[in-house]
Amino acid sequence: MTIADEWYMRRALELAALGIHTTRPNPMVGCVITHKGKIIGEGWHQQYGGPHAEVIAVNAVVDKSLLPQCKIYVTLEPCSHFGKTPPCADFLIQHGVKSIFICNTDPNPLVAGRGIRKLLDAGCEVHVGLLEAAGLELNKRFFKFHQVKQPYIILKWAETADGFIAHPTGEPLAVSGALAKKLVHKWRTEEQAIMVGTRTALADNPQLNAREWTGNSPVRIVIDKTLRLPANLYLFDQTQPTLIYNYQRQEQDGNLEYVKIEAAPDLTEHILLDLYRRSIQSVLVEGGTTLLNYFLTANNWDEIRILRSPQRLNAGVIAPVKPFANLMQTRALGEDQLLIFKKTN
Ligand code: AOF
Ligand code: ZN
């Protein structure tokens, strides 16, 4: 594999990422086709249920008789199954494609290596693992979902410079500023679900939608074990699908679904299993401390995003203790600082 192969795959990854708001629960996939070092076709999976990246890229090639001499760069193993669309591996073989580069094998049990097998059996040269880490990062939610059978968990909180996330009395506190807020709304469009605990729902009456960014609002999830939250909270306004995990009631009421779970110490496990069954691939956990600590104690998390403001509170609700983790990113957001950590493997 050459440096040029990397460039083309980078381009395919860039294209794939354009699908962030529209492909889930399908992965983001991009495809680039080159002939004698020149890109002659590009495509990405644009819409859940719509054509796959390879089909769009091949259809973009004007002179299809060139395809047997082309190199195809696809960020994910071409599929082998009849889903909403026919198998991409067969499609590529039918077009006489001979040389294929792939970042990652597809963890979906319907594919799981069968696409590569088909291509090899048809005599294609298949190079697997080009920019593998970038491919895994791009579809981290999809990979976690299929490999661990749980959604990808992002824990998020905003803390003061002296480590508090709320006033001692529970009165509302704006910890971080306007830029941080906008970014959080962007994050809300990127995840399939968003979760808060009872006290946060009560104290902040959050809307949990994406008002400051374009894109879908996530499914709302609240834990309300004894159903003590009042019906006039935004959470219950029926504007978005909302799951209420509790110990008492199992019922659908329009967009609200009350999901009864057993009282158990491993609460998060039960909830995550239920979310897996609902094909929810990612959850942004927005607080409060009790809920964040549930996930931290159970070691059930993938990423931690902390917004740290310069203000000092001197007293209040103490921020969760961040476990040892890899610092992936730091960024200034006006006065605030963003820190992103990932679990160490
Ligand atoms: C590819 N190229 O662009 C994508 C793939 O229901 P379907 O037919 O859309 O199939 C969805 C599954 O296909 C998805 O879970 C994943 O395994 C694979 N996605 N494969 O060759 C693509 N999006
Ligand atoms: Zn496909």
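The values are calculated or read from the model by the stated rules, or taken from the named source; none is laboratory data. Note that this is a predicted model, so its numbers are computed, not measured. Backbone-built Cβ (ideal geometry, glycine too); neighbour counts: all protein chains shown.
For the reader, a short list of remarks on this structure follows.
Quick grid of which residues meet (1) away from ligand 1 (no atom under 15 Å from the Cβ); (2) over 27 Å from Lys186 (Cα atoms); (3) touching a residue at least 12 places away in the same chain (Cβ under 8 Å):
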| position | (1), (2), (3) |
| --- | --- |
| Thr85 | no, yes, yes |
| Lys98 | yes, yes, yes |
| Leu119 | no, yes, yes |
| Ala158 | yes, no, yes |
| Asp162 | yes, no, yes |
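- If the condition is being modelled with pLDDT under 95, assigned to a loop (DSSP other than H, G, I, E, B) and in contact with a helix residue (DSSP H, G or I) (Cβ under 9 Å, 6 or more places away or on another chain), then the range 287-313 contributes Gly287, Gly288, Ala298, Asn300.
- Only one entry of Lys156, Lys225, Lys181 meets the criterion of being surrounded by fewer than 22 Cβ atoms within 10 Å (Cβ to Cβ) and part of a helix (DSSP H, G or I), and that entry is Lys181.
- All positions within the range 314-345 that are part of a strand (DSSP E or B), within 14 Å of Ala161 (Cα to Cα) and either among the β-branched types (Val, Ile, Thr) or in contact with a Gly (Cβ under 6 Å, 6 or more places away or on another chain) (or both): Val317, Ile318, Asp336
- Yes/no for Leu208 being at positive phi, crowded, with 18+ Cβ neighbours inside 10 Å and within 19 Å of the chain's Cα centre (by Cα): yes
- Residues of the range 74-132 that are in contact with a Gly (Cβ under 8 Å, 6 or more places away or on another chain), under 18 Å from Gly41 (Cα atoms) and among the hydroxyl-bearing types (Ser, Thr, Tyr): Thr75 alone.
- Long-range neighbours under 9 Å by Cβ, at least six apart or interchain, first residue over 12 Å from Leu92 (Cα atoms) within the range 55-75, second among the aromatic types (Phe, Trp, Tyr) and within 15 Å of ligand 2 (Cβ to nearest atom): Thr75/Trp44
- When the range 1-17 is filtered for residues that are without any contact (Cβ under 8 Å) to a residue 60 or more places away in the chain, within 15 Å of ligand 1 (Cβ to nearest atom) and either out of contact with any Phe, Trp or Tyr (no Cβ under 7 Å at 6 or more places or on another chain) or closer than 20 Å to Ala193 by Cα (or both), only Glu14 remains.
- Number of residues in the range 26-40 that are closer than 19 Å to Val97 by Cβ, within 13 Å of ligand 1 (Cβ to nearest atom) and out of contact with any Lys or Arg (no Cβ under 8 Å at 6 or more places or on another chain): the value is 2.
- Residue in the range 56-65 that is more than 22 Å from Ala133 (Cα to Cα) and among the hydroxyl-bearing types (Ser, Thr, Tyr) present: yes
- Among the residues making up the range 50-73, those that are surrounded by 15 or more Cβ atoms within 10 Å (Cβ to Cβ) and more than 9 Å from ligand 2 (Cβ to nearest atom) are Gly50, Ile56, Ala57, Val58, Val61, Leu66, Leu67, Cys70, Lys71, Ile72, Tyr73.
- Unique match (being small (Gly, Ala, Ser) and surrounded by 15 or more Cβ atoms within 10 Å (Cβ to Cβ)) among Gly288, Gly334, Gly254: Gly288
- Any hit, the range 30-45, residues being surrounded by 15 or more Cβ atoms within 10 Å (Cβ to Cβ), touching a residue at least 24 places away in the same chain (Cβ under 8 Å), on the phi > 0 side of the Ramachandran plot and more than 13 Å from ligand 2 (Cβ to nearest atom): no
- Verdict on Thr23 being over 17 Å from Gly115 (Cβ atoms), within 25 Å of the chain's Cα centre (by Cα), near ligand 1 (Cβ under 8 Å from one of its atoms) and of a type in the set (Val, Ile, Thr): yes
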